[in-house]
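Reading through the structure tokens given below for one structure.
The values are calculated or read from the model by the stated rules, or taken from the named source; none is laboratory data. These numbers come from a predicted model, not from an experiment. Note that we place each Cβ from the backbone using ideal geometry, even for glycine, and neighbour counts take in every protein chain shown. Only protein heavy atoms, including side chains, enter the accessible area calculation; ligands, DNA and RNA are left aside. Shrake-Rupley method; radii C 1.70, N 1.55, O 1.52, S 1.80 Å.
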Amino acid sequence: MTDEPTQPESESGPDPTRVRYLTPDSCRIHLGTHGALHVTVRDERIYGGVYAAYAFPVAYGDQFISLLHSAGEGKDVEIGLIRNLSDFPPQQADLVRQALARRYFIHTITRIHEIGWKYGFVSLDVETDKGRVQFMMRWKSDRAVDYGRRGKVLIDVDENRYLIPNLDALSPGERADFTRIIYW
């Protein structure tokens, strides 16, 4: 008789206490039923309804991407971590990028037309990669968070996200108006 703990035979899937790195040799990323993202892990199983999440979205945009499977009842299981998306065939990497884009829908601000106060909120009229947008946000530090060394992510009253990748890319006037109100 041994004192070593054993896992029940009914348990399958990755060990939740260890990091498992996914590689093109160990898995295949593909579309399954109804266009949902699927991951087939060699000698294990096919995971359906997979979603992707960044581990370090600012510093490593194409690296350290977690692939997760919803096991129902609010439980998610990490299938594994992709160290670098460029290791995967382009078609599989594109599927992961598309999944990330669905999860992290964000407007990128290219110009600030106007920033000021309205009804006790910060009011912005901006140009984004998706067109001109007007939105309001609370004047709280958790509504304008750092993005890398020089950028900001702004979160409006409806929890939409707006990215300024680099404040230095704004015109001097836009930057001065912005930092007059959002100075942290």
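Listing for the model above:
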{"read-out": "Rel. contact order, % - alpha carbon contacts under 8 angstrom, at least six apart, the chain", "value": "13 percent"}
{"read-out": "Fraction of beta bridges assigned by DSSP in the chain that are antiparallel (%, nearest 5)", "value": "90 percent"}
{"read-out": "Sum of -39500 (n - 2.57) over DSSP H runs of 4+, divided by residues of the chain (222 nm, nearest 500)", "value": "-4000 deg cm²/dmol"}
{"read-out": "Per-bin percent of Cα-Cα distances, region 68-145 [10 Å]", "value": "15, 28, 23, 25, 9, 0"}
{"read-out": "Per-selection Kirkwood Rh - region 106-181 (Cα, Å, 1 d.p.)", "value": "12.2 Å"}
{"read-out": "Residue (of 60, 162, 89) at the positive-pole extreme of the chain, dipole from beta-carbon charges", "value": "162"}
{"read-out": "Eligible lysines near residue 130 by straight Cα distance, threshold 16 Å, same-chain separation 8 or greater", "value": "none"}
{"read-out": "Per residue, in Å², the accessible surface of the chain once ligands and nucleic acids are set aside, probe 1.4 Å", "value": "64 Å²"}
{"read-out": "Dipole of the chain, positive end: most advanced residue of 40, 137, 71 [Cβ charges, Cα centre]", "value": "137"}
{"read-out": "Label-zone membership for region 11-30, site residue 87, 7 angstrom Cα→C-beta point, backbone N under 15 Å", "value": "19-29"}
{"read-out": "For residue 137, net neighbour charge (Lys/Arg +1, Asp/Glu -1) across residues whose Cβ lies under 9 Å away", "value": "+2"}
{"read-out": "Which label in (1) 55, 35, 30; (2) 72, 39, 30; (3) 45, 36, 33 gives the computed Cα extents along the principal axes in Å", "value": "(2)"}
{"read-out": "Long-range HN-HN contacts of residue 139 with modeled amide H, under 5 Å", "value": "122"}
{"read-out": "Label-to-label distance, nm, for residues given as residue 149 and residue 70 (7 Å Cα→Cβ offset)", "value": "3.9 nm"}
{"read-out": "Ranking by accessible area, most exposed first, for 70, 86 with a 1.4 Å probe", "value": "86, 70"}
{"read-out": "FRET efficiency, 1/(1 + (r/R0)^6) with R0 22 Å, evaluated for residue 63 and residue 30 via beta carbons", "value": "0.55"}
{"read-out": "Rounded to 5, the percent of DSSP beta bridges in region 106-181 classed as antiparallel", "value": "90 percent"}
{"read-out": "Portion, in percent, of the accessible area of the chain that falls on carbon or sulfur, probe 1.4 Å", "value": "49 percent"}
{"read-out": "Quarter of Cα convex hull surface for region 21-84, i.e. mean projection, nm²", "value": "4.7 nm²"}
